[in-house]
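The values are calculated or read from the model by the stated rules, or taken from the named source; none is laboratory data. These numbers were taken from a predicted model, which means no experiment stands behind them. All Cβ positions, even for glycine, are placed from backbone atoms using ideal geometry, and neighbour counts span all protein chains on display. These area figures cover heavy atoms from the full protein model, side chains too; ligands, DNA and RNA do not enter into them. Shrake-Rupley method; radii C 1.70, N 1.55, O 1.52, S 1.80 Å.
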Amino acid sequence: MADKTTALVTGANKGIGYEIAAGLGARGYRVGVGGRDAGRREEAVARLRGSGVDAFGVPLDVIDDESVAGAARLVEEQEGRLDVLVNNAGITGGMDQTPTTVDLTAVRVALETNVLGVIRVTNALLPLLRRSASPRVVNVSSTVGSLTRQSDPERDSGPIAVAYSPSKTMLNAVTVQYAKELADTNVLINLACPGFVATDFNGFRGHRTPAQGAATPIRLATLPDDGPSGGFFDDDGAIPW
Ligand code: NAP
C-alpha cells in the first residue's frame, strides 16, 4: 500500500481539475489524474511530474460503467488506498439551453456527466475511501446551481441554461443525500464552487485563473476531521442553496 495520502481527481487533464491535482501534489499527496483521452491524460501526468508532483494516470470516463469500474480496480490494485476523491469532471451540455426550445439531448448529457457520473464514480471508489483514516469527497458544483441565487431578480446569476444549471442543482441535492447517509462515518463530502474561471468550459471568458478556482476544492479535500460535511462553499464561505 502507498505510504502517502492518495487522491483521485476526475477530469484532471486540464482546467480546474489539473490545478486541483497540482495543488494536492504540492501538499504532498500522491495524485491520480483521471482522464478519458490517453494522450491528454499522460501529457498532464508528465507535466505534473515535471513540476514535482507524484502523479499517476487513471483512465476514466465518468459516463461509462466499465471505465469507472476499471479505474476503481486500478487504484485498488496499484495504490491500495484512496483518501481523497474530487469529482471535478463536468460539461455544459452545449447550447442552446433555452427552456422552451431546448433539444432534450442537452439536458440528458449534462445530467449523465454532472450527476450520474458523480454517483457512479463515488460509489465505485467509496469502498476504498472508507478504509482511509480521513476520507474526503469533493464534488465540484457551481453557484449557478443555487436556486436561491437563480430566483433572485436582483442578482446576475448567469445565462438561462436549462441543462447545466439544474444539473448542478441536482448534484447539490445528491451530495446532501450522501452526507446524510455517511453522517455516522468519517467520510466528509462537500460541494465546491470554483468561481468564474477561464477554461475551455467557457471559451476562457472567466475572470479567475484555474489555480484560483482550485483553492476551495483543495481546502475541502484537505479538511480536518472535525470539518463540515454536506456543505456548499466557495472562497467566500457557505453558498445559499
Ligand atoms: P474544462 O477545462 O472543460 O475541464 C473539464 C474536464 O472534465 C476535462 O478534463 C474533461 O476531459 C473532463 N470531462 C468531461 N467529461 C468527462 C467524462 N465523461 N469523463 C471524464 N472526464 C470528463 O472545464 P473546467 O472549467 O475546468 O470545469 C471543471 C469543473 O468545474 C466542472 O465540473 C465545471 O462544471 C465546474 N465549474 C467550472 C466553472 C468555470 O467557470 N470554468 C464554474 C463553475 C463550476 P476532456 O479533456 O476529455 O474533455
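The conditions are (1) away from the ligand (no atom under 12 Å from the Cβ); (2) crowded, with 17+ Cβ neighbours inside 10 Å; (3) free of Cβ contacts under 8 Å to residues at least 24 places away in the same chain, and I189 fails exactly one of them. Which is it?
(3)
Just to be sure, is G80 within 14 Å of the ligand (Cβ to nearest atom), over 18 Å from the mean Cα position of the chain (by Cα) and open to solvent by less than 40 Å² (accessible area, probe 1.4 Å)?
no
Here is a yes/no grid of residues against (1) open to solvent by 40 Å² or more (accessible area, probe 1.4 Å); (2) within 28 Å of E181 (Cβ to Cβ); (3) away from the ligand (no atom under 14 Å from the Cβ):
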site: N87; (1), (2), (3): no, yes, no
site: P99; (1), (2), (3): yes, no, yes
site: L104; (1), (2), (3): yes, no, yes
site: V115; (1), (2), (3): no, yes, no
site: N123; (1), (2), (3): yes, yes, yes
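Which condition number in (1) farther than 30 Å from S132 by Cβ; (2) within 16 Å of the ligand (Cβ to nearest atom) is the one that K168 fails?
Checking K168 against (1) farther than 30 Å from S132 by Cβ; (2) within 16 Å of the ligand (Cβ to nearest atom), the one that fails is (1).
Exactly one of (1) closer than 25 Å to V84 by Cβ; (2) of a type in the set (S, T, Y); (3) within 14 Å of the ligand (Cβ to nearest atom) is unmet by S134. Its number?
For S134, the failing item is (3).
Under the condition of being within 10 Å of the ligand (Cβ to nearest atom) and not aliphatic (A, V, I, L, M), which residue from the stretch 204-229 is surrounded by the most Cβ atoms within 10 Å (Cβ to Cβ)?
If we take residues in the stretch 204-229 being within 10 Å of the ligand (Cβ to nearest atom) and not aliphatic (A, V, I, L, M), then P217 is surrounded by the most Cβ atoms within 10 Å (Cβ to Cβ).
Could you tell me whether A198 is without any contact (Cβ under 8 Å) to a residue 60 or more places away in the chain, within 16 Å of the ligand (Cβ to nearest atom) and open to solvent by less than 20 Å² (accessible area, probe 1.4 Å)?
No: the conditions fail for A198.
Across the stretch 1-33, what is the number of residues that are acidic (D, E) and touching a residue at least 12 places away in the same chain (Cβ under 8 Å)?
1
Mind checking whether some residue in the stretch 138-148 is within 18 Å of D226 (Cα to Cα) and buried (at least 18 other Cβ atoms within 10 Å of the Cβ)?
Yes, the conditions are met somewhere in the stretch 138-148.
I need the full set of residues from the stretch 25-47 which are more than 13 Å from the ligand (Cβ to nearest atom) and buried (at least 23 other Cβ atoms within 10 Å of the Cβ), in order please.
Y29, V31 - these are the residues of the stretch 25-47 that are more than 13 Å from the ligand (Cβ to nearest atom) and buried (at least 23 other Cβ atoms within 10 Å of the Cβ).
Got at least one residue in the stretch 35-51 being touching a residue at least 60 places away in the same chain (Cβ under 8 Å) and either under 20 Å from P194 (Cβ atoms) or of a type outside the set (V, I, T) (or both)?
No, the conditions are met nowhere in the stretch 35-51.
Just to be sure, is A22 within 13 Å of the ligand (Cβ to nearest atom) and modelled with pLDDT of 95 or more?
When the stated conditions are applied, A22 passes them.
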